[in-house]
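The values are calculated or read from the model by the stated rules, or taken from the named source; none is laboratory data. These numbers were taken from a predicted model, which means no experiment stands behind them. Cβ placement follows ideal geometry from the backbone for every residue including glycine, while neighbour counts extend to all protein chains displayed. Heavy atoms of the whole protein, side chains included, go into the accessibility calculation; ligands, DNA and RNA do not. Shrake-Rupley method; radii C 1.70, N 1.55, O 1.52, S 1.80 Å.
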Amino acid sequence: MPSLLIRHIHTLVTMDAAGRVLRDAWVFVKSGQIAALGVGRPRIEADRTLDARHSIAIPGLVNTHHHLYQIRTRAFAPAADAGLFDWLRTLYPVWARLDEEWLHAATLAGMAELLLSGCTTTADHHYVFPRGRSHLIDVQVDAARSIGIRFHPSRGSMSVGQSQGGLPPDRVVQRESRILADCERVIRKFHDPSPGSMLRVALAPCSPFSVSPQLMRDTAALAERHDVRLHTHLAETRDEEDYCVARFGKRPLDLLDDCGWLSSRTWLAHGIYFNRAEIARLGRAGVAIAHCPTSNMRLGSGCAPVLALRRAGCPVGLGVDGSASNDSSHMLAEARQALLLHRLRHGASAITVRDALRMATVEGARCLGRTDIGSLEPGKRADLALFDLRTIGYAGAADAVSALLLCAPATVDTLVIEGRVIVESGELRTIPLDRILRRARSW
């Protein structure tokens, strides 16, 4: 891989343990890794040099929760004003028509939007497998490899349909034996645990109202055997809590604990309705949380106790969540939303711009079990997002770091993943955006 030198960086936000912010900085990249960084004029020769004198550089943003297939049902009118359970009941029949072409086009569109927002790593929780459509994770992996994003696909599952008291229609659930067999196939085919990996697999039963406790236990055992991470939705709404108490006689977290999921292998989407004792249990276990503020507000679900979870020791990352419940895949916008939501709830001094950026980078990486991304320092992977401070949205901004989240969310100018320039001058370089948009318009 050609070496890369990015020099004269106006402002470099390292997000390292010391929280360094460097001016007139440079970063030298070799073999996909940050080899060195500093300030002033570097005495280094590289195969390629970029000048970033008008840019702020941050670690590539990490998206910890998404449903890329939902892009095709953005702003779906019959569900536009619904809460979670009614929203799901409205959309499940539409999603039952999902096929490989739909998923590939939607995945590319969502990944392109993420990249252009400064996101270099994304998880995706895919759990809809209509009958006859079993190899859908393969479709997403193909899209990720072609567009150049670092990808953590989560092989989701639903096994309890309406006829068994679950929420999803029977035609989108699978037999548990088939689910487990495909989980093992996906791990063996795609999971790469090596440092700098571009592809790691997680296992992700959908939710307490769509899978059985036995599938949760079996999935946890499979994840332990293959040393992969676990992911699911939990404590998203009061409806979910009521369902768990009525069906299982226990709260969602107690159900999760009974199934062997309360460990540092697990990251949970949402985590809104945890009480104080449960927050302490989560912290002791090292469970991570994917906070999805926009989706939670859009569906009226509630506000996660993010500050308390972080104080308890839980890594808290950010997720744009489904493109039909957020209707956007803009990670910088999600970081801004988290900042504003928790200032509204707790006061302006309770959460800083750098706190929100930390959730979008370092803590997001921890959610995914990564220590090689999330900050800019020698030895870490070369994932960087650079934003041009000359654009109209930053006009008059005195502090570049604050401007990233206090000003309107911008499009990235330059994006580097594993030392490879993926976005340059605001344009995607791996796949023509027009080609992606033509497929989307055909919907």
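Observations on the structure shown:
- Residue pairs meeting the criteria (Cβ under 7 Å; at least 6 apart or on separate chains; first in contact (Cβ under 8 Å) with a residue 12 or more places away in the chain, in the stretch 428-443; second assigned to a helix (DSSP H, G or I) and open to solvent by 60 Å² or more (accessible area, probe 1.4 Å)): Trp443/Arg72
- Of residues in the stretch 256-288 being aliphatic (A, V, I, L, M), in a helix (DSSP H, G or I) and out of contact with any Pro (no Cβ under 9 Å at 6 or more places or on another chain), the one least open to solvent (accessible area, probe 1.4 Å): Leu282
- Single residue of Asp372, Asp321 found to be within 25 Å of Leu5 (Cβ to Cβ), in contact with a strand residue (DSSP E or B) (Cβ under 9 Å, 6 or more places away or on another chain) and not basic (Lys, Arg): Asp372
- You will find that of Ala105, Ala75, the residue that is in contact with a Lys or Arg (Cβ under 7 Å, 6 or more places away or on another chain), farther than 25 Å from Cys367 by Cα and small (Gly, Ala, Ser) is Ala105 and no other.
Yes/no matrix, rows are residues, columns are (1) modelled with pLDDT under 95; (2) outside any helix (DSSP H, G or I); (3) not polar (S, T, N, Q):
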residue	(1), (2), (3)
Ala106	no, no, yes
Leu114	no, no, yes
Thr122	no, yes, no
His125	no, yes, yes
Arg133	yes, yes, yes
Ala143	no, no, yes
His152	no, yes, yes
Pro168	yes, yes, yes
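- Scanning the stretch 216-227 for residues that are surrounded by fewer than 24 Cβ atoms within 10 Å (Cβ to Cβ), touching a residue at least 40 places away in the same chain (Cβ under 8 Å) and not basic (Lys, Arg) gives Met216, Asp218, Ala220, Leu222, Glu224, His226.
- Only residues that are open to solvent by less than 30 Å² (accessible area, probe 1.4 Å), under 20 Å from Arg358 (Cβ atoms) and not in a loop (DSSP other than H, G, I, E, B) were counted in the stretch 1-36, giving 8.
- Contacts under 6 angstrom Cβ, first residue in the stretch 156-177 being farther than 25 Å from Ala221 by Cα and among the small types (Gly, Ala, Ser), partner at pLDDT below 95 and open to solvent by 50 Å² or more (accessible area, probe 1.4 Å), 6 or more apart: Ser163/Asp170
- Restricting the stretch 47-74 to residues that are under 14 Å from Asp321 (Cα atoms) and among the aliphatic types (A, V, I, L, M), the residue that is surrounded by the fewest Cβ atoms within 10 Å (Cβ to Cβ): Ile71
- Residues located in the stretch 159-200, provided they are within 19 Å of the chain's Cα centre (by Cα) and within 17 Å of His233 (Cα to Cα): none
- Listing of helices (runs of 4 or more DSSP H) fully contained in the stretch 300-413 that carry 2 or more residues being open to solvent by 50 Å² or more (accessible area, probe 1.4 Å) and at pLDDT 95 or above: 306-312, 331-346, 353-360
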